[in-house]
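Contents: one structure, followed by commentary.
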Amino acid sequence: MSINKTLSFFCLAGYATESGKQEEKVRCTAEGWSPKPRCFKKCLKPVLRNGYVSDGKVLYKIQESMRYGCTSGYKTTGGKNEEVVQCLPEGWSSPPSCRKEQELMCSSLRLIENGYFHPVKQTYEEGDVVQFFCHENYYLSGSDLIQCYNFGWYPESPICEGRRNRCPPPPVPLHSKIQPHSTTYRHGERVRIECELNFVIQGSGELLCENGKWTEPPKCIEEKEKVACEQPPSIEHGAAQTHSEIYFSGDKVTYRCEGGYYLRGSSTITCSRGQWTLPPECVENNENCKPPPEIANGAVVDGLLASYTTGSSVEYRCNEYYLLRGSKTSRCEQGKWSSPPVCLEPCTIDVDHMNRNNIQMKWKYEGKVLHGDLIDFVCKQGYDLSPTTPLSEVSVQCNRGDVKYPVCVRRESKGRCASPPVIRNGDIVSSAASTYENGSSVEYRCSENHFLQGSREAYCVDGVWTTPPLCLEPCPLSFVEMDKNYLQLKWNFDNRPLILHGEYIEFMCKRDAYITETSISGSELRVQCDRGKLRYPKCTPR
């Protein structure tokens with residue numbers, strides 16, 4: 001569509017726009033549709049034990065509020081007799097529930113964006129522990145385990161943020177080189193791009209690793225015109241070996257020192273864009289160095305010499321997955337080398353050790369884990385952290401090849417559950433067992449064309465199953481009823497045998513018929529399917 005043109009879009013039954021409407025207009029802009037057309041699932045009326053909802057609605061629009069109250073001896077999530085909650089795109093602002101007054105230790109937990117938690121309960125008691133998980137490509141910011149105390153939840157619920165990945169080797173443009181160079185880079189690390197001689201940089205000379213991707217690299221463009229340099233700088237106790245009346249970009253000059261002195265730095269300087277690179281120094285030669293010291297899990301970049309003059313240096317690098325700590329360069333000064341770097345060992349995860357401790361890795365790691373990186377563990381199904389293990393120790397730092405594995409112990413069973421309850425017009429996804437451990441769950445699904453209302457999962461809590469969902473029937477479309485009420489379909493796409501629960505269907509009066517005077521307006525011709533029942537409007541022939 002053309003720029004500035006508008007388009008209307010409709011949300012299906014059970015969904016609404018972000019402003020809570022069924023219909024919304026969007027405008028075509030140079031950047032795309034504004035706002036982006038999106039439909040959010042409406043909020044269902046909750047099934048309240050020991051409570052009630054003030055109105056008779058079944059579905060609530062986004063931004064719409066609902067007031068609910070609790071019977072005598074019970075309080076809302078916030079500890080009140082009545083409370084107002086709001087329907088948000090991710091669900092109710094606070095899950096409606098009614099609890100006994102003496103049980104109001106901890107409020108029920110809100111859904112977290114890009115993640116979920118377990119177990120999900122309408123009521124939590126002192127000592128209950130809840131574990132949080134993030135969807136793929138997200139990581140937890142904060143502790144993934146929180147516990148209910150007599151003063152409430154501690155620590156605060158975490159959030160799921162975009163997972164920060166390492167970057168591959170950076171993209172190197174033609175006619176360039178990078179400093180420094182490594183096989184992997186962490187989020188936030190930077191590298192500098194330098195162009196070769198007679199090439200100038202176009203764009204930012206620095207690349208940044210952000211969430212596994214590099215920022216846009218620059219280009220190295222060939223210089224079109226030659227820029228002259230002045231005569232090369234003179235140095236004390238030394239002189240240039242080549243002479244010319246004029247120097248252009250790319251021209252080189254070599255220096256040599258007087259007897260008893262040695263060069264510190266590169267012996268050659270280059271004319272680049274009208275400026276000379278830094279000249280060397282001539283330093284008095286007092287004592288040479290033997291070959292530099294060897295380091296574990298690393299080596300000198302270039303080949304070794306039998307002797308090194310004072311002021312010369314060597315560069316070290318570590319083996320793959322080893323992390324270099326300290327300066328990568330060691331310098332010969334008065335016959336002694338400055339301290340070389342240390343290569344810190346990576347960690348290899350021991351599967352046997354994890355099995356003995358009843359834990360598993362929370363994320364999939366490729367290759368080895370570098371020194372200093374955090375490794376996130378979780379307890380296996382049916383196990384909890386040992387009482388002596390702090391919650392903070394489920395995230396362990398790799399320390400020079402050593403991993404301190406947390407320990408999980410078998411969860412104490414507070415009561416098993418019998419077979420889960422059977423629901424009408426639906427069944428359990430997996431085959432049902434005769435008994436279930438405390439804390440386990442089953443997932444329900446509805447028959448074709450039936451609408452699932454409530455939580456898709458039911459949990460075994462202290463020998464009792466939480467409330468299973470309902471499967472609400474669709475409405476059959478009756479042309480007999482339509483003819484009797486002088487109706488016809490307004491839209492061709494509504495000509496289908498079944499209308500799902502919550503969906504709307506629009507009629508119109510047949511020719512030579514009109515809507516009855518008792519009706520308020522034409523909106524009476526738009527009706528909603530409610531649990532298998534469709535209320536047909538009436539038109540009267542002229």
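The values are calculated or read from the model by the stated rules, or taken from the named source; none is laboratory data. It should be emphasised that the depicted structure is a prediction, and the values quoted were computed from it without experimental measurement. Virtual Cβ from ideal backbone geometry, glycine too; neighbours counted across all protein chains shown.
Can you confirm whether P217 is touching a Gly at 6+ places or on another chain (Cβ under 9 Å), surrounded by 14 or more Cβ atoms within 10 Å (Cβ to Cβ), at pLDDT 85 or above and part of a loop (DSSP other than H, G, I, E, B)? When the stated conditions are applied, P217 passes them. Cβ separations smaller than 9 Å between residues 6+ apart or across chains give the following pairs from region 482-502 residues that are within 15 Å of Y536 (Cβ to Cβ) to residues that are modelled with pLDDT of 90 or more and in a helix (DSSP H, G or I): L487/E481; Q488/M482; L489/M482.
Does any residue of region 87-105 turn out to be surrounded by fewer than 18 Cβ atoms within 10 Å (Cβ to Cβ), in contact with a Pro (Cβ under 6 Å, 6 or more places away or on another chain) and in a loop (DSSP other than H, G, I, E, B)? No - not one qualifying residue is present in region 87-105.
When region 220-238 is filtered for residues that are surrounded by 14 or more Cβ atoms within 10 Å (Cβ to Cβ) and not in a loop (DSSP other than H, G, I, E, B), the ones remaining, listed by number, are C220, I221, C229, G238.
Restricting to region 56-85, and then to whatever is assigned to a strand (DSSP E or B) and small (G, A, S), can you tell me which residue is surrounded by the most Cβ atoms within 10 Å (Cβ to Cβ)? Top of the filtered list is G69. Scanning region 422-446 for residues that are in contact with a Pro (Cβ under 7 Å, 6 or more places away or on another chain), more than 16 Å from V120 (Cα to Cα) and modelled with pLDDT of 90 or more gives I423, I428. Per the conditions (1) within 30 Å of I499 (Cα to Cα); (2) in contact (Cβ under 8 Å) with a residue 60 or more places away in the chain; (3) surrounded by 19 or more Cβ atoms within 10 Å (Cβ to Cβ), the sole criterion not satisfied by Y459 is (1). Of the strands (runs of 3 or more DSSP E) entirely within region 477-517, those holding at least 1 residues that are surrounded by 13 or more Cβ atoms within 10 Å (Cβ to Cβ) and of a type in the set (V, I, T) occupy 504-509, 513-515. Only one of the numbered conditions (1) at pLDDT below 80; (2) in contact with a Pro (Cβ under 9 Å, 6 or more places away or on another chain) is violated by G14, and that is (2). Among the conditions (1) under 26 Å from Y316 (Cβ atoms); (2) of a type outside the set (S, T, Y); (3) assigned to a loop (DSSP other than H, G, I, E, B); (4) within 49 Å of the chain's Cα centre (by Cα), the only one that I193 does not satisfy is (3).
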